[in-house]
Number of protein chains: 2
Amino acid sequence: MKKTILVFGLIVLALLLLFKISKHTYLSGDFSIEIIIAFIALVFFFIGLFISKKQPKHTSGTKEVNHKKIKELNLSKREYQVLCEIAMGLSNKEIADKLFVSESTVKTHVSNILIKLNAKRRTQAIQISKELQILPF
Amino acid sequence: MKKTILVFGLIVLALLLLFKISKHTYLSGDFSIEIIIAFIALVFFFIGLFISKKQPKHTSGTKEVNHKKIKELNLSKREYQVLCEIAMGLSNKEIADKLFVSESTVKTHVSNILIKLNAKRRTQAIQISKELQILPF
DNA sequence: ATTTATCTCATACTAAAGTACCAAAATTCT
DNA sequence: AGAATTTTGGTACTTTAGTATGAGATAAAT
């Protein structure tokens, strides 16, 4: 927090200085007004870049889900649910209990998921899903 | 891609227009130079913000790794390597080939990893590792 | 130099995961 | 209503994952 205040203070100071300098430079006629404006624009452009780089943290734990990709992969609603539970580290049995279906059902879902994601294992399915930003975490 | 080009084209056009307007406005003496400069600065500041917001997705292909947690968990160097390969979706055999060891060795490493991470399965180990921000991706 | 921790590998076993194939309900679409 | 899709679940089988135990080899610390 202290650091942030300090940085902002310095930035404000630097800007005020910049204004003074630019005005003085213009009045003294060393440069044309276009160049000064371009310079100012450039400086503020990079300040904008810097500021937003400083707070790259995501809004929260929930990421954006790429629903388009899910449809492209022909993942059904149920299959997607199972995929999410896989990514949470649950076993087939645990998923079956959570979704109130038999383990056989979960297995068929998993097989279909692996085919659609072109994965050999559930761990690879997790990796691919993260790559495609399909998972909500 | 087309979209990006279009947006950039529009931005360049807008900026050229802005320059013309600002110069004309200044010459006509409607506003002082300070206000014009401030306006330009503001516009470019937000352009900077906008640009860097547009590509925040792949800025961090590599995340920060919590080395402290790794030591707290008593994960050895080799175990950590295996853990990373697990998270990449590799099978025990594939990990063994990649690290030039036998599958047995990988299995013992995996077992130790599961104990240390307090996980029942490798998928859960992945989930926990992500939670603890141990993985470099 | 001797303990300590890590890395290695083996065997034998159990458990879970995954495949292949089939088929009956339940939904959704037309 | 009829067709297509999804969901469900079963059997039988193969493969991979994981446990338990032991033990030799290596490297690092005291």
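The values are calculated or read from the model by the stated rules, or taken from the named source; none is laboratory data. The model shown is predicted, which means the values in this text are computed figures rather than measured ones. As a convention, Cβ positions derive from the backbone with ideal geometry for all residues, glycine included, and neighbour counts pool all protein chains shown. These area figures cover heavy atoms from the full protein model, side chains too; ligands, DNA and RNA do not enter into them. Shrake-Rupley method; radii C 1.70, N 1.55, O 1.52, S 1.80 Å.
Taking segment B:60-123 and the helices (runs of 4 or more DSSP H) fully enclosed by it, the elements with 2 or more residues that are of a type in the set (D, E, K, R), open to solvent by 40 Å² or more (accessible area, probe 1.4 Å) and within 25 Å of A:Ala119 (Cβ to Cβ) are at B:92-99, B:103-117.
What tally of residues in segment B:65-104 results from selecting those that are more than 10 Å from DNA strand C (Cβ to nearest atom) and either touching a Leu at 6+ places or on another chain (Cβ under 6 Å) or under 22 Å from B:Glu131 (Cα atoms) (or both)? Within segment B:65-104, residues that are more than 10 Å from DNA strand C (Cβ to nearest atom) and either touching a Leu at 6+ places or on another chain (Cβ under 6 Å) or under 22 Å from B:Glu131 (Cα atoms) (or both) number 15. If you go through segment A:124-137 and pick out every residue that is touching a helix residue (DSSP H, G or I) at 6+ places or on another chain (Cβ under 9 Å), in a helix (DSSP H, G or I) and either over 19 Å from B:Arg121 (Cα atoms) or away from DNA strand C (no atom under 11 Å from the Cβ) (or both), you end up with 4. Looking at (1) buried (at least 17 other Cβ atoms within 10 Å of the Cβ); (2) under 17 Å from B:Lys77 (Cα atoms); (3) of a type outside the set (S, T, N, Q), which is the only condition B:Lys130 fails? Failing condition for B:Lys130: (2).
Among the residues making up segment A:104-114, those that are in contact with a helix residue (DSSP H, G or I) (Cβ under 8 Å, 6 or more places away or on another chain) and within 7 Å of DNA strand D (Cβ to nearest atom) are A:Thr105, A:Lys107, A:His109.
Screening the candidates A:Leu49, A:Leu10 for the property of being surrounded by 10 or more Cβ atoms within 10 Å (Cβ to Cβ), at pLDDT 65 or above and touching a Gly at 6+ places or on another chain (Cβ under 9 Å) yields one hit, A:Leu49.
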